[in-house]
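*Asks:* Please read through the structure below; I'll follow up with questions.
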Amino acid sequence: MHKKKIEVWEYAQQILEALPHGVLLNTKAETLNSMVIGWGSLGIEWSKPIFTVYVREHRYSRQQLDQNGEFTISIPMGAQDPQITKICGTCSGRDMNKIDKAGLTPVESNKISVPGMAQYPLTLECRVLQKETQDLSTLDASCQRHYPKDVDGYHTGANQDAHVAYIAEIVDAYVIIE
Ligand SMILES: Cc1cc2nc3c(=O)[nH]c(=O)nc-3n(C[C@H](O)[C@H](O)[C@H](O)COP(=O)(O)O)c2cc1C
């Protein structure tokens with residue numbers, strides 16, 4: 001297994017097209033855990049290449065990120081695996097080891113403490129520079145439906161919780177080749 005280093009901007013289209021179908025946000029603190037994300041931002045801030053993830057306040061992954069502000073983003077090169085999407089997108093790392101359950105293979109990172117996953121080989125290693133809980137009172141009315149007031153924050157789907165934006169520097173980017 002080796003890694004082919006990439007220029008992240010050359011893969012921008014591929015990353016952003018895969019995102020709404022679900023890519024993996026991997027974290028490592030209490031446990032190694034993967035959650036599916038469909039929202040994210042690729043861009044530039046503080047003159048650095050940035051990937052921002054948006055994680056609802058009561059997600060297990062939020063707790064993990066607050067303990068260790070490093071994460072990897074794992075993006076499939078072809079279609080998403082429906083089993084990975086189901087397990088990592090509807091179950092919580094609080095209740096089970098999703099890595100084992102989804103059959104994911106961790107691959108050690110170059111610069112951070114959190115591994116990537118061989119099954120989704122396009123990998124971004126990221127280090128959080130700032131986190132910010134989004135203020136729902138200033139959010140446009142067209143987006144408020146994503147925060148149903150009657151759904152508890154522990155629900156794994158949409159719920160009343162705001163998102164915490166973790167703005168992270170992309171410190172390495174590559175494709176894992178088996
Ligand atoms: C396609 C898809 C996209 C998702 N996108 C996000 C997201 O961007 N932010 C978020 O907080 N939850 C998102 N979720 C929900 C989490 O993946 C889900 O709540 C997961 O169980 C959280 O895992 P955890 O409890 O181990 O942190 C998404 C789920 C799916 C299926």
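*Asks:* Explain nothing, just compute: Karplus ³J(HN,Hα) = 6.51 cos²θ - 1.76 cosθ + 1.60, θ = phi - 60°, for every residue of segment 144-156 in order, whole Hz, x for Gly and Pro.
*Replies:* With coefficients 6.51, -1.76 and 1.60, one gets 5, 5, 6, 10, x, 5, 8, 10, 4, x, 8, 5, 6 Hz.
*Asks:* Related question: ³J(HN,Hα) across segment 81-87 via Karplus (A = 6.51, B = -1.76, C = 1.60, θ = phi - 60°), whole Hz, x for Gly/Pro?
*Replies:* Each residue's phi maps through the Karplus curve to give 8, x, 5, 5, 4, 5, 5 Hz.
*Asks:* Taking H as built 1.01 Å from N, whose amide H comes closer than 5 Å to the amide H of V171, not counting residues under 5 places away?
*Replies:* For V171, whose amide H was placed from the backbone, the distant partners under 5 Å are E125, C126, R127.
*Asks:* Please build a GNM for the chain, connecting alpha carbons under 10 Å apart, and tell me which residue among S142, S109, S61 fluctuates the most.
*Replies:* Of S142, S109, S61, the most mobile in the Gaussian network model is S142.
*Asks:* Tell me, what is the FRET efficiency for N97 and T138 to the nearest 0.05, using R0 = 30 angstrom and their Cβ-Cβ distance as r?
*Replies:* On the way: r = 38 Å, r/R0 = 1.27.
Result of the calculation: an efficiency of 0.20.
*Asks:* Multiply the residue separation of E178 and E57 by 0.36 nm, subtract the distance between their alpha-carbon atoms, and state the gained length in nm to one decimal. Mind showing how you got there, number by number?
*Replies:* Values: separation 121, 0.36 × 121 = 43.56 nm, distance 3.57 nm.
Residue separation times 0.36 nm, minus the Cα-Cα distance, leaves 40.0 nm.
*Asks:* On full extension of the chain, what length is gained from N110 through W39, given 0.36 nm per residue of separation minus the C-alpha to C-alpha distance? Can you show the working numbers first?
*Replies:* Details: separation 71, 0.36 × 71 = 25.56 nm, distance 2.50 nm.
Between N110 and W39, full extension yields 23.1 nm more.
*Asks:* Amide H to amide H, which residues 5 or more places from V151 or on other chains are under 5 Å from it, using H placed in the peptide plane?
*Replies:* Distant-sequence amide H within range of V151: Q160.
*Asks:* Right, something else. Take the chain, connect every pair of alpha-carbon atoms lying under 10 Å apart with a spring to form a Gaussian network, then pick out the residue of V23, V107, V53 with the largest mean-square fluctuation.
*Replies:* Judging by the Gaussian network model, the answer is V107.
*Asks:* Given segment 1-142, what count of lysine pairs have C-alpha atoms under 22 Å apart, with each pair 8 or more places apart or on different chains?
*Replies:* Final tally of qualifying lysine pairs is 16.
*Asks:* How large are Rg and Dmax for segment 2-177 when only the alpha carbon atoms are used, in Å?
*Replies:* Looking at segment 2-177, its Cα Rg and Dmax stand at 15.4, 47 Å.
*Asks:* Further question: Going highest first, how would you order 33-42, 151-160, 65-74 by mean Cβ packing within 10 Å?
*Replies:* Working: 33-42: 19.3, 151-160: 13.3, 65-74: 20.8.
So the order, starting with the most tightly packed, is 65-74, 33-42, 151-160.
Bear in mind that the values in this text are calculations on the coordinates, not laboratory data. Predicted model only: the values in this text are computed from it and were never measured. Using ideal geometry, Cβ is built from the backbone for each residue, glycine included, and neighbour counts are taken over all protein chains shown.
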